[in-house]
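The values are calculated or read from the model by the stated rules, or taken from the named source; none is laboratory data. Quick caveat, the model's predicted, so the values are computed rather than measured. Here the Cβ positions follow ideal geometry from the backbone for every residue, glycine too, while neighbour counts run over all protein chains shown.
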Amino acid sequence: MTDTKRDFLWNAIGSFIYAMASIVLAFAVIRIVGADDGGIFGFGFSTLGQQMFIIAYFGIRPFHITDMKKQFSFGDYLCVRQFTSLLAVFASFLFVGGQMLMGSYDLHKSIILLLLAGYKIVDGYADVYESELQRQGLLYRTGQSLAFRTSISVITLLLVLMLTKNLLLAAAASDVMQMVGTYFFAGRVLSGVPGVDRSFGKENVKTMMSSTGLLFLSVFVDFYIFSASKYAIDAKLTDAVSGYFNVLFMPTSFIYLIANFLIRPMLTRLADQFAVKDSEAFKKTSVYMLKAVLVLSVVIILGALIFGRPGLWIFELILGAGAKGKLVSEYLTFIMLIAGGALYAFANVMYYILVTVRKQFHIFAGYVMTAVVAVFSAERMVEMRGMLGGAINYFMLMGILVILFSVFALQAVREMELEEKK
């Protein structure tokens with residue numbers, strides 16, 4: 001097997017296992033220990049934990065894996081990741097502690113959420129080793145690390161859960177295995193690679209943090225907007241409802257993932273057209289990407305309308321007898337979430353257009369404005385209409401994001417046209 005094929009194979013295996021882990025666990029935990037603990041797990045793993053992962057990750061990886069001239073040493077990247085991981089730990093305790101003081105969380109839920117946040121923080125920390133392996137030309141090792149440490153952590157969690165029916169113990173055991181996996185499959189492997197510079201400079205660390213700061217804030221606020229309805233349901237409804245909403249929410253990412261697969265090959269062409277200031281070609285490529293997402297969205301929404309009820313019935317069968325009628329009765333909620341996912345895919349097309357024309361501040365401004373709406377609307381809409389209110393709120397926020405990004409993108413294209421005429 002050639003190095004390229006080996007890299008591709010292991011990267012694909014690692015990415016697939018990583019993506020499937022949250023789906024498998026969302027269903028399995030509810031089936032094994034019931035909807036209440038399943039809801040705590042779903043929120044802790046896919047929402048709060050992922051928010052903490054974003055803090056630990058800090059948007060560094062794209063810089064790290066493309067830094068082939070070694071502007072920054074591995075020691076620089078490691079130092080930054082250690083700081084951001086500690087920041088994520090602090091944020092976890094701040095959020096969970098605040099909820100405990102307000103009486104929203106009991107000790108049982110708080111400890112589980114902290115353990116799940118810890119799992120994701122270790123995941124974010126492990127990425128710095130995997131990024132360096134990729135920079136050293138060992139992408140297959142990155143894929144192996146992702147595959148093996150995710151597998152042993154997930155298998156451990158499920159085994160302990162089945163044996164003890166105790167989510168707290170299972171989450172703690174999974175955290176331990178995540179750390180063990182990170183050491184053996186990432187840290188120890190990298191220590192055997194020659195030429196890895198572990199020294200660091202304070203100025204380099206400051207430069208890196210300032211260079212990625214705005215990108216990190218944008219991603220952090222973006223994920224909050226994406227998850228605002230989940231936070232609202234966790235705050236206002238039961239843990240069981242939170243778990244079922246998490247299951248309904250999972251397919252919303254499907255449109256986004258496929259849309260990214262379709263449009264990413266076009267991004268290089270878009271960048272080339274912007275570089276030569278060819279506004280007509282730039283507009284044509286942009287419209288082509290939007291049409292591709294539109295067709296995809298229509299197909300998936302129609303599929304959800306036709307097959308949604310039987311699909312939700314199958315989900316209920318997988319979740320067990322306790323879930324009977326819980327998802328099928330939320331058919332309209334499911335459709336609203338799928339439609340919101342389509343809008344999120346459109347927003348991401350506009351995001352890529354704005355990134356191409358170097359409008360990062362406009363992107364951040366759009367996120368902040370939408371986040372303000374989310375803060376003042378999400379909990380109120382959930383209180384009024386329950387899960388459906390959360391779905392409507394998600395659809396509304398994605399719509400606002402599409403409108404704002406579209407206005408900014410149109411303005412950017414007009415600026416290109418004016419520059420051409422000069």
Consider SER210 against the criteria (1) crowded, with 21+ Cβ neighbours inside 10 Å; (2) modelled with pLDDT under 95: it satisfies all of them except one. Which criterion is unmet?
(1)
Quick test for you: out of SER73, SER46, pick the one residue that is under 24 Å from ILE155 (Cα atoms), crowded, with 17+ Cβ neighbours inside 10 Å and hydroxyl-bearing (Ser, Thr, Tyr).
SER46
Given the residues PHE83, PHE90, PHE74, which is the only one that is within 15 Å of GLN134 (Cα to Cα) and over 15 Å from the mean Cα position of the chain (by Cα)?
PHE74
Which of the residues spanning the range 71-96 are of a type in the set (S, T, N, Q) and assigned to a helix (DSSP H, G or I)?
GLN82, THR84, SER85, SER92
Selection status of SER110, surrounded by fewer than 22 Cβ atoms within 10 Å (Cβ to Cβ) and more than 18 Å from the chain's Cα centre (by Cα):
yes
Whichever residue in the range 277-304 is under 28 Å from MET336 (Cβ atoms) and polar (S, T, N, Q) and, among such residues, is nearest to the chain's Cα centre (by Cα)
SER297
Pairs, first closer than 15 Å to LEU113 by Cα and surrounded by 18 or more Cβ atoms within 10 Å (Cβ to Cβ) in the range 167-181, second modelled with pLDDT of 95 or more and acidic (Asp, Glu), C-beta under 8 Å, six or more apart
LEU167/ASP37
I'm trying to understand the selection: among the residues of the range 374-396, which are within 18 Å of ALA342 (Cα to Cα) and of a type in the set (Ser, Thr, Tyr)?
TYR394
Using beta carbons and a limit of 6 Å, which pairs, at least six apart or on different chains, have the first residue in the range 314-337 and on the phi > 0 side of the Ramachandran plot and the second one in a helix (DSSP H, G or I) and surrounded by 13 or more Cβ atoms within 10 Å (Cβ to Cβ)?
GLY320/ARG31
Failed item, numbered, when GLU316 is tested on (1) at pLDDT 95 or above; (2) surrounded by 14 or more Cβ atoms within 10 Å (Cβ to Cβ); (3) closer than 16 Å to PHE226 by Cα
(3)
Sole miss for TYR351 among (1) closer than 27 Å to LEU296 by Cα; (2) among the hydroxyl-bearing types (Ser, Thr, Tyr); (3) at pLDDT 95 or above is condition (3)
Residue list for the range 97-140, filter: assigned to a helix (DSSP H, G or I), in contact (Cβ under 8 Å) with a residue 24 or more places away in the chain and farther than 30 Å from PHE74 by Cβ
HIS108, LYS109, ILE111, ILE112, LEU113
Which condition does THR333 not pass, out of (1) exposed (fewer than 15 other Cβ atoms within 10 Å of the Cβ); (2) at pLDDT 95 or above, if it passes all the others?
(1)
So is ILE258 under 30 Å from VAL29 (Cβ atoms) and either more than 21 Å from the chain's Cα centre (by Cα) or part of a helix (DSSP H, G or I) (or both) or not?
yes
Every residue in the range 79-90 that is aliphatic (A, V, I, L, M) and either surrounded by 19 or more Cβ atoms within 10 Å (Cβ to Cβ) or modelled with pLDDT under 95 (or both), please.
VAL80, ALA88
Hits in the range 223-262 - residues which are at pLDDT 85 or above, of a type in the set (Gly, Ala, Ser) and either under 27 Å from GLY322 (Cβ atoms) or surrounded by fewer than 19 Cβ atoms within 10 Å (Cβ to Cβ) (or both)
SER227, SER229, ALA232, ALA235, ALA240, SER242, GLY243
